[in-house]
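The values are calculated or read from the model by the stated rules, or taken from the named source; none is laboratory data. Just so we're clear, the structure is a prediction, and the values are computed from it rather than from any experiment. When we count neighbours, we look across all protein chains shown, and the Cβ atoms used for this are built from the backbone with ideal geometry, even at glycine. Ligands, DNA and RNA are stripped out before the accessible areas are found, and what is left, the full protein with its side chains, is counted by its heavy atoms. Shrake-Rupley method; radii C 1.70, N 1.55, O 1.52, S 1.80 Å.
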Amino acid sequence: MRLSLLSAPDPRRLWLRYVFAIGLILVFLGSAHLVNLHSIKASEADAETINVSGRQRMLSQRVVFLAEHAVQDPDPVYDAELVLAVGQFADGHAWLLKNALRSPEARALYFDPDGPRLDRQVAEFLRLSKEFLALRDQPASALPVLRQMEDMAIADLLESLNAAVTLFEAEATERTARLEQMHHLALQLTLLILVLEAIFVFWPAQRTVTRSLNKVVEQNRRLLTRNDELDRLSRELDHAARHDHLTGLANRKKLYEELETLLADRRESGRAVCVMAVDLDRFKEVNDTLGHAMGDAVLKQVGDTMLAIVRKGDIVARTGGDEFVIVLPFSSRSERRLAQAIAERIADELRRTMIIDDQECMIGASVGYAFADEDSIEASGLITKADIALYEAKRAGKGIALAFNESMRDRLERRHALIQDFDRAFRDCEFVPYFQPQISCTDGRLIGFEVLARWDHGKQGLIMPNEFIPLAEETRQIDVIDGRIIFRALESLSELRSMGWDVPTLSLNASGRILRDPQFPDYLMSMIRMHGLKPSDIVVEILETVLIEHESDQALISIQRIAAAGVAVHIDDFGTGYASLSKLAMLDISGLKIDRSLIIDLQNEKSAKVVDAIVGLARSMSLDVVAEGVETSRQFDTLAEMGCDKAQGYAIGVPMAKGEVPGWLERFEPRPVAV
């Protein structure tokens, strides 16, 4: 018996119609579903490809932008962002090579030897970026690499990346159009079937609609769940972006946000806002000796300690490696004593020994703080004031808390101004030698002169070494000053002798930095020969604070070389407590210079015993003894009685410029005491 589905309905065969109709619906729904899944996957893949390709274009510009900042304004934050951007750029390119090159056109864009070969351009850009990262601490070497990166990023690479984005968008548009056609066809066929179902099999159609609605409800439920997860993730990312990952404290971004809010509120309410800058004093030693894991543990404990000290509502932020900032809002401006108490307590608590994993470590901290006194002050300006106070606290000996005052800014600005003037001072030969005479304690005859550095500043006049020497050491230009002073001093000695003056010796000061220059001994000997002098005419004085760390220390090698050449080596400022007897045994020296702090207090019985002991030590080691800072005849006589060899000080002669030396020599008469 033949069954015709188009014939009049037969109640006994009606189930066959249902089966056939449902089968058709299932076939078309299944086809539509597969097309839909394919469309979704294709759209997602295209969207991801376009997104990654567009991000590559943005990242190429960001890498150059961050590289420029790394050269112009070195900052650990910029460095970290640059490394991250380069890594993201490389990862994005790898992803595109793996997932996006589905068409001959795309493969040709990346690999066609006759085309721009985007793969080769990206590889070259990444090579330059990595080379720049390796050289970013050397601006002179990094700049050429940066320029090549800029040239690529704004020309060929950018053009190729734009071409890639355009190609991927075009391919996505083409695929979308094809899928839309398939969708339209499926929709038309589905509508036809639905119409037939509405006519012949309403109930199966109704069930299909119900199932579709249930599916939509389930997808909506999943979407809501996904949105909740994304919202939670967004909150976590926001917290991570505004807090330090190690200590959990606020980071620089959150610090500035909160501080700006407090300053804005202060302008209306009149409340006081205090900012404290805290810097750990010996944290580098912890990292170097106990390791970075211990250093991280110390930073966490420091954060916990400060949180325990401050009040609820105060802000504690970590802004750098071992740098912290605390924001303290006060109800009135009369609570400055409380700020000082909090700062001192922080310094006191962080001075205590920490026990971490059964290991003891001591760090200490310096604190500088400032109040927002001007209504117009911004967060950066207030933090700068606290940093200036912190700088002064560290210069004053560390482990203390200081409040900002404008004189600190003036001193800092003067320091910066002097540092900026160094190049001009070198160019204009403003660093000049001054000469202070040394005489024999036995018969009062002239022994020689000690050469002292002075800065004859073109605008500010004579600047003493206690002001500019620390700046020169800080900027690592002390060896340049030493070299200039040595040259001009030897030149002056040669001129004095050519004028007929009998100047037996010249004492030169050598910094630790110039002693650690392997070329210094050769330079010194060449200068001595150039000016027609002998090594025995020269004494090199080295500070007691120049620590010789090991037998291969370049400073020790330099001392040995100049001593072997016949130049006498004396330890300067002996008695200030740095040099050990083992260092005296290690060094090839011929004399000691007793520090002026002991000579000034020579009438004190204890000081006299110390000086006498130093003279006895020198005698036992066959070393010359020179006393500096002799200001009275009584001091001179006492030193002579002790057996001191030589003396210098205001009682003998003040430091004088080169042009003043002949006049002093004319007036000088050898005698035991020169007042």
Calculate one ³J(HN,Hα) per residue across region 143-160 by plugging θ = phi - 60° into the Karplus curve 6.51 cos²θ - 1.76 cosθ + 1.60, and present them in order as whole Hz with x for glycine and proline.
4, x, 5, 4, 5, 5, 4, 4, 4, 5, 5, 9, 10, 4, 5, 4, 5, 5
Within the chain, helix-based [θ] at 222 nm, where runs of 4 or more DSSP H residues each add -39,500 (n - 2.57), nearest 500:
-20500 deg cm²/dmol
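Shape call for region 345-448 from the C-alpha gyration tensor, a ≥ b ≥ c root eigenvalues: rounded (a/c under 1.5), prolate (a/b greater than b/c) or oblate? Intermediate values should be presented prior to the final figure.
Values: a/c = 3.10, a/b = 1.48, b/c = 2.10.
Verdict is oblate for region 345-448.
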Under 22 Å Cα to Cα from K41, which lysines show up? Leave out anything in the same chain fewer than 8 places away.
K98, K215
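Write down, largest first, the equivalent ellipsoid semi-axes of region 33-95 in whole Å, where each equals the square root of 5 times an eigenvalue of the alpha-carbon gyration tensor. Mind dumping the intermediate values first?
Details: eigenvalues 251, 16, 11 Å².
Three semi-axes, in Å: 35, 9, 7.
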Determine the per residue accessible area of region 143-196 with all protein chains present and a 1.4 angstrom probe, expressed in square angstrom.
58
What is the distance, in nm, between label points placed 7 Å from the Cα along the Cα-to-Cβ direction at S380 and at D288?
3.3
Cross-link reach list, lysines versus K646, counting only Cα pairs under 19 Å and skipping chain neighbours closer than eight places
K593, K609
Skipping prolines and chain starts, which residues have an amide H placed within reach, meaning under 5 Å, of the one on I447, given they are 5 or more residues away or on another chain?
Q438, I439, S440
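Rolling a 1.4 Å sphere over the protein heavy atoms, what is the accessible area per residue of region 50-103, to the nearest Å²? Each step should come with its number before you reach the end.
Details: 2650 Å² over 54 residues.
That works out to 49 Å² per residue.
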³J(HN,Hα) across region 86-91 via Karplus (A = 6.51, B = -1.76, C = 1.60, θ = phi - 60°), whole Hz, x for Gly/Pro?
4, x, 5, 4, 5, 5
Carbon/sulfur fraction of accessible area - region 23-166, other protein chains in place, 1.4 Å, %:
58
Which lysines have a Cα less than 23 Å from the Cα of K385, not counting those fewer than 8 places away in the same chain?
K253, K254, K394, K398
Of [x] 82, 32, 21; [y] 47, 35, 26; [z] 43, 30, 21, which one was derived for semi-axes √(5λ) of the Cα gyration tensor in Å from the structure shown?
[x]
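Looking only at trypsin sites (Lys or Arg not before Pro) in DSSP loops with at most 11 other Cβ atoms within 10 Å, what is the longest site-free stretch of the chain? Don't jump to the answer; show the numbers that get you there.
Working: sites that count: R2, R311, K312, R352, K459, R476.
Here the longest segment lacking exposed loop sites spans 3-310.
Considering only DSSP beta bridges whose two residues both sit in the chain, what percent are antiparallel, to the nearest 5?
Antiparallel: roughly 60 percent of the beta bridges in the chain.
Taking Cα atoms of region 299-397, Rg/Rh with Kirkwood Rh, to two decimals? It would help to have the intermediate numbers written out before the result.
Working: Rg = 14.3 Å, Rh = 14.6 Å.
Answer for region 299-397: 0.98.
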For I356, distant residues with modelled amide H under 5 Å away
C361
Any idea of the accessible area per residue across region 289-416, 1.4 Å probe, to the nearest Å²?
49
Efficiency by 1/(1 + (r/R0)^6): what FRET value for E666 and A140, r their Cβ-Cβ distance, R0 = 45 Å, to the nearest 0.05?
0.30
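Pairs of alpha-carbon atoms within less than 8 angstrom and 6+ residues apart define the contacts here; what relative contact order does the chain have, in percent? The partial results should precede the final answer.
On the way: 889 pairs, mean separation 53.9, N = 675.
Once normalised by length, the contact order is 8 percent.
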